[in-house]
Structures are given as C-alpha cells and as structure tokens.
C-alpha cells in the first residue's frame, strides 16, 4: 500500500479539493480496483485481478471468496473476512 495515492471517486475519477488532488492512504480504493479488474488488465502484474463484475451475473460468484482473499493477500492486505451472499460482497481487510 502506498502512502501517497490519489483518491478516486466511485466513477474512478480523481477527487479534487481546493484545486488540488486529494492524496491519502487508499486501501479501500485498491481493494475495489483489484476486485473489479480482470487478470491481464495490468501488464506489469498480469495475475492481478478478480473479475468480480463478470462473476456477478454468473454461477461462479460463490467461488469468488477464495479468489478475492488470495488476490488481496498477494497485494499485501491482511484479510480478516470475505463474504459473498447472493450478489452482496463484504470485505474486511487492512
């Protein structure tokens, strides 16, 4: 996790306050990006990505818990819990 990440809003656009980018620890943001990305999206790290968007509409959603846990652990997060119930995903990680 970096100490100086540019914070993005829900649409992945940079947040600007007082004419400058908002910089903060972006753990939640990194979790969201890892979950939404697909393997192969990042050329420098081709194995990173869960592909949760595609899984939301498919039969594989229940298998996503272990994949999310694995990807976040690789990214350096301490994963306390991952729960997938119906189409609701809950992640508790530091």
Practice problem: Considering each of 40, 10 in turn, give the residue that is on the phi < 0 side of the Ramachandran plot, out of contact with any strand residue (DSSP E or B) (no Cβ under 7 Å at 6 or more places or on another chain) and assigned to a loop (DSSP other than H, G, I, E, B). | Solution: 10
Practice problem: Looking only at segment 74-92, decide whether some residue is modelled with pLDDT under 75 and in contact with a helix residue (DSSP H, G or I) (Cβ under 9 Å, 6 or more places away or on another chain). | Solution: yes
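Matching residues to (1) at pLDDT 85 or above; (2) touching a helix residue (DSSP H, G or I) at 6+ places or on another chain (Cβ under 6 Å); (3) surrounded by 11 or more Cβ atoms within 10 Å (Cβ to Cβ); (4) not in a helix (DSSP H, G or I):
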position	(1), (2), (3), (4)
32	no, no, yes, no
46	yes, no, no, yes
49	yes, no, yes, yes
58	no, no, no, yes
65	no, no, yes, no
Practice problem: Report, by residue number, each residue of segment 43-85 that is free of Cβ contacts under 8 Å to residues at least 24 places away in the same chain and on the phi > 0 side of the Ramachandran plot. | Solution: 49, 51
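Would you point out which residue out of 37, 90 is under 22 Å from residue 9 (Cβ atoms), under 12 Å from the mean Cα position of the chain (by Cα) and free of Cβ contacts under 8 Å to residues at least 12 places away in the same chain?
Values: 37 fails: free of Cβ contacts under 8 Å to residues at least 12 places away in the same chain.
Exactly one of 37, 90 is under 22 Å from residue 9 (Cβ atoms), under 12 Å from the mean Cα position of the chain (by Cα) and free of Cβ contacts under 8 Å to residues at least 12 places away in the same chain, namely 90.
The values are calculated or read from the model by the stated rules, or taken from the named source; none is laboratory data. As the structure is a prediction and not an experimental result, all values here were calculated from the model. Cβ sites come from the backbone with ideal geometry, for glycine too, and all protein chains shown count toward neighbours.
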